[in-house]
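Report on one structure; see the data block that follows.
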Amino acid sequence: MNENKPLETEQKLRTLPRWIFMSRWLQAPLYIGLIVAQGVYVWQFWMELVHLISAMQDKGMTETALMLVVLGLIDVVMISNLLVMVIVGGWETFVSRLDLHHHPDQPEWLSHVNAGVLKVKLATAIIGISSIHLLKTFINASSYDEKTLLWQTLIHVTFVISAVAIAYTEKILASTHKRH
C-alpha cells in the first residue's frame, strides 16, 4: 500500500504543472477583447474620414484643422498597429503558436518575436503614438497652457528614455544569452 503513495504523489506533481501550463488559455478572452477594440478603432477611423471628406466639401476647414484631423487618423492607425502587435505577438509568445510558417501574409517581425522583442516594439509604438499626440498639441499650442505643454513633453521624454532603457536591457540580455 505504501508503494502506491510515491506514484500518487508523482501524479499530483505532474497535474499541477499541466494546470499551470493550461492557464495560459485564460488570456484568450483578453485577446478577443483586443480584437473587438480593434474593430472600434476601424469604426472610429471611418467616421473621422467621412468627417474629413464632408468638411473638405464644405471648404470650411483651415489647413491647421485639416492637419489635426489627418494626425488623428494617423494616431488611430498607429494605435491599431499597436493592437496588432499585442494581439498577434502576444498570442504567439504567451498562448500558442499561430503556425504561419511560409504563409504569404506572415509579418516579417513575427518570425523572430519573443517577449523581449515584443517589449521593444511596443515601446517604440507607444513613442510613435505619443509623438503624434505631442505634434497635435504643438500645432494647436495656443489652446493649451504652458503647464499642459510641459507635462506632455515630459511624459513623451519619459517614454523615450524608457524605450531606450528597455532596448538596452534587451541588448544586454541577448548578448549574455549568446555567450552561454
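Any read-out appearing in this document is the output of simple, stated calculations on the displayed coordinates, not a laboratory observation. Here the structure is a predicted model, which means the values were calculated and not measured. Neighbour counts run over all protein chains shown; Cβ positions are idealised from the backbone, glycine included.
At R0 = 35 Å, how high is the FRET efficiency between Lys119 and Thr15 if r is their beta carbon distance? Nearest 0.05 is fine.
On the way: r = 32 Å, r/R0 = 0.92.
Efficiency for this residue pair is about 0.60.
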- prompt: Under the Karplus relation 6.51 cos²θ - 1.76 cosθ + 1.60, θ = phi - 60°, what is the ordered set of whole-Hz ³J(HN,Hα) values for segment 134-144, x standing for Gly and Pro?
  reply: 5, 4, 4, 5, 5, 5, 10, 4, 5, 7, 10
- prompt: How high is the relative contact order of segment 123-176, in percent, counting Cα pairs under 8 Å that sit 6 or more residues apart?
  reply: 50 percent
message: Once you order the gyration tensor axes a ≥ b ≥ c over the Cα atoms, which shape class does the chain get: rounded for a/c under 1.5, otherwise prolate or oblate by comparing a/b with b/c?
response: prolate
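Would you check segment 27-179 for Lys pairs whose C-alpha atoms are within less than 20 Å, ignoring same-chain pairs closer than 8 in sequence, and give me the count? Walk me through the numbers on the way to the answer.
On the way: Lys119/Lys171; Lys119/Lys178; Lys121/Lys171; Lys136/Lys147.
Lysine pairs, 8 or more places apart or on different chains, close enough: 4.
For Val84 and Ala174, what does the FRET efficiency come to when R0 = 22 Å and r is the distance between their Cβ atoms, rounded to the nearest 0.05? Write down the numbers at each step before the final one.
Numbers: r = 24 Å, r/R0 = 1.09.
Efficiency, from the Cβ-Cβ distance: 0.40.
Are there trypsin sites (Lys or Arg not before Pro) in segment 68-173 that DSSP puts in a loop and that have at most 13 other Cβ atoms within 10 Å, and which ones? Spell out each step's value before the answer.
Working: sites: Arg97, Lys119, Lys121, Lys136, Lys147, Lys171; in loops: Arg97.
Those satisfying the criteria are Arg97.
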- request: Using θ = phi - 60° and the Karplus relation 6.51 cos²θ - 1.76 cosθ + 1.60, list the HN-Hα couplings for segment 75-89 in order, rounded to whole Hz, with x at every Gly or Pro.
  value: 4, 4, 5, 5, 5, 5, 4, 4, 4, 4, 4, 5, 5, 6, x
- line: Counting sequence-distant residues (5 or more places) and residues on other chains, those with an amide H built under 5 Å from that of Leu98 are none
statement: In order over segment 149-165: 3J(HN,Hα) from phi, Karplus 6.51/-1.76/1.60, θ = phi - 60°, whole Hz, x for each Gly or Pro, gives 4, 5, 5, 5, 5, 5, 5, 4, 4, 4, 4, 5, 4, 4, 5, 4, 5
task: Rounded to the nearest 500, what is the 222 nm mean residue ellipticity of the chain from helices alone, with -39500 (n - 2.57) per DSSP H run of 4+ residues and division by all residues?
output: -26000 deg cm²/dmol
message: Need the full-extension length gain, Val157 to Phe138, defined as separation in residues times 0.36 nm minus the C-alpha distance. One decimal, nm.
response: 5.4 nm
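Counting pairs of alpha carbon atoms under 8 Å apart in space and at least six apart in sequence, what relative contact order in percent does segment 27-179 give?
Values: 85 pairs, mean separation 37.2, N = 153.
Relative CO of segment 27-179 lands at 24 percent.
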